[in-house]
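S.K.: The structure's right below; bear with me while I get my questions together.
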Amino acid sequence: MTAKVLPVLMLIGSNVFMTLAWYGHLKFRGAPLLLVILASWSIALVEYCLAVPANRIGIAAYSPAELKTIQEVVTLCVFLGFAALYLKQPITANHVLGFALIGLGAAVVFLRPFR
């Protein structure tokens with residue numbers, strides 16, 4: 001795969017694991033906090049194993065600012081799906097509008113530099 005596609009796919013995978021690490025425990029509120037922290041930390045290790053190489057590969061095709069922007073947009077998309085499917089939280093119009101505005105801001109990063 002190219003240096004443009006592989007990092008994006010790896011960042012999607014890493015964000016699935018990170019979202020699970022950060023928010024998956026919310027379904028298990030009775031679990032001891034230390035256990036939750038250790039479990040989340042273990043899950044986050046997989047995220048790092050995907051995110052670090054994604055950025056290392058991606059730097060061949062993207063600037064650091066573009067890589068960070070891709071990661072943030074992917075995070076929002078993964079979170080929306082996770083919140084709806086796993087946490088059974090409703091996605092409201094203001095969530096969609098707010099995330100769309102963030103996406104619009106992210107798109108600006110990919111424009112040619114202003115002069």
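The values are calculated or read from the model by the stated rules, or taken from the named source; none is laboratory data. In this text, all values refer to a predicted model and were calculated from it rather than measured experimentally. Methodologically, a virtual Cβ is constructed for each residue, glycine included, from the backbone with ideal geometry; neighbour enumeration extends over all protein chains shown.
S.K.: For residues in the stretch 8-52 being touching a residue at least 60 places away in the same chain (Cβ under 8 Å) and either in contact with a Lys or Arg (Cβ under 7 Å, 6 or more places away or on another chain) or among the hydroxyl-bearing types (Ser, Thr, Tyr) (or both), which is nearest to residue 89 (Cα to Cα)?
M.R.: 23
S.K.: Restricting attention to the stretch 73-115, and to residues there that are touching a Leu at 6+ places or on another chain (Cβ under 9 Å) and of a type in the set (Phe, Trp, Tyr), which single residue is surrounded by the fewest Cβ atoms within 10 Å (Cβ to Cβ)?
M.R.: Here the answer is 86.
Rundown of residues vs (1) farther than 24 Å from residue 104 by Cβ; (2) over 11 Å from the mean Cα position of the chain (by Cα); (3) in a helix (DSSP H, G or I); (4) at pLDDT below 95, yes/no style:
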| site | (1), (2), (3), (4) |
| --- | --- |
| 1 | yes, yes, no, yes |
| 19 | no, no, yes, no |
| 26 | yes, yes, yes, yes |
| 51 | yes, no, yes, no |
| 56 | yes, yes, yes, no |
